[in-house]
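Contents: one structure, followed by commentary.
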Amino acid sequence: AAMIDMVYVGWLGTRELAAVSFTFPVVMALSTLPTGIGIGAASIIARIVGAGDEARVRRLSADALMLVGVIVVTLAILGYVFVEPLFALLGADESTLPLSVAYMKIWFFGLPAFAVPMVAISTMRAVGNARQPGIIMAVGAGMQVCLAPILIFGIPPWWEGLGFEGAPLGFVISRLATFVYTLYVLSRLQLLSFAARHWRDLRASWQEILRIGLPAMMANLIGPVSMGVIVAMLA
């Protein structure tokens, strides 16, 4: 989906394409967070499934979703506030900086809806369900690929479209739809527990997930950080 978005944005012009290129290291870095949490949760859930404790599987799945939700909402707020100095640090100049900032300010609204399904996909696979994760990924990517050109270029001659900002908006809308569908699937698979949790239990669960997930995040950050350095040098 991201590759197709680049094609659409490239049709708008080289300045727009360059602006989106500056967002890649940030987007990839933020994507490592739900990936790491998903790895940590899946590792623990797979062992619990083997022990036959279904109630704990539901609790841990819900705890993992809450953990990634708290982290990405916090990062989305911080990113929204500090997005301009961040891209200035990456080397965006006066011609690309406003476009990169405009793109990410919309993109950040879709980050929580993007991150939660990524963790949910890992928990589904951990309990032996490989079909639904494939459907969720295909639906999200397919919606983004179909929505982006409509939002960018409009529907001639009835609507002119939103131009450059239609690309991140396509991401937000498609991920919100994926988020809703993911919650439905989790509920149907009985992988969610809405029971009240004591803070000590929740904290212990989060620590258990992060003990495995945090090293996975750090390992996955090597690529985005390297890309950020290269982008800054090229800029």
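Among the residues of region 100-119 satisfying the criterion of being hydrophobic (A, V, I, L, M, F, W, C) and open to solvent by 30 Å² or more (accessible area, probe 1.4 Å), which is farthest from the chain's Cα centre (by Cα)? Among those residues, the one meeting the criterion is Ile106. Got at least one residue in region 99-110 being farther than 18 Å from Phe24 by Cβ and in contact (Cβ under 8 Å) with a residue 60 or more places away in the chain? Within region 99-110, one or more residues are farther than 18 Å from Phe24 by Cβ and in contact (Cβ under 8 Å) with a residue 60 or more places away in the chain.
Number of residues in region 184-209 that are surrounded by 15 or more Cβ atoms within 10 Å (Cβ to Cβ), of a type outside the set (Gly, Ala, Ser) and in a helix (DSSP H, G or I): the value is 6. Residues in region 10-64 that are free of Cβ contacts under 8 Å to residues at least 60 places away in the same chain and open to solvent by less than 40 Å² (accessible area, probe 1.4 Å): Gly10, Gly13, Ile48. Does any residue of region 120-142 turn out to be under 17 Å from Met6 (Cα atoms) and in contact with an Asp or Glu (Cβ under 6 Å, 6 or more places away or on another chain)? Within region 120-142, not a single residue is under 17 Å from Met6 (Cα atoms) and in contact with an Asp or Glu (Cβ under 6 Å, 6 or more places away or on another chain). If you check Val172 against the conditions, is it free of Cβ contacts under 8 Å to residues at least 60 places away in the same chain, under 18 Å from the mean Cα position of the chain (by Cα) and under 28 Å from Ala64 (Cβ atoms)? So Val172 fails the test.
Against the condition hydrophobic (A, V, I, L, M, F, W, C) and in contact (Cβ under 8 Å) with a residue 12 or more places away in the chain, how does Val225 come out, does it pass? Against the criterion (hydrophobic (A, V, I, L, M, F, W, C) and in contact (Cβ under 8 Å) with a residue 12 or more places away in the chain), Val225 qualifies.
Of the numbered criteria (1) in contact with a Ser or Thr (Cβ under 9 Å, 6 or more places away or on another chain); (2) under 23 Å from Ala126 (Cα atoms); (3) surrounded by fewer than 16 Cβ atoms within 10 Å (Cβ to Cβ), the one Gly223 fails is (2).
Restricting attention to region 197-216, the residues being touching a residue at least 60 places away in the same chain (Cβ under 8 Å), closer than 16 Å to Val70 by Cα and of a type in the set (A, V, I, L, M) number 4.
Return the residue satisfying two criteria in turn: it lies in region 120-153 and is of a type in the set (Val, Ile, Thr) and loosely packed, with under 15 Cβ neighbours inside 10 Å, and of such residues it is farthest from Gly69 (Cα to Cα). Here the answer is Ile150.
The values are calculated or read from the model by the stated rules, or taken from the named source; none is laboratory data. Please read all numbers here as calculations on a predicted model, not as lab measurements. Here Cβ is always computed from backbone atoms with ideal geometry, including for glycine, and neighbour counts include all displayed protein chains. Ligands, DNA and RNA are stripped out before the accessible areas are found, and what is left, the full protein with its side chains, is counted by its heavy atoms. Shrake-Rupley method; radii C 1.70, N 1.55, O 1.52, S 1.80 Å.
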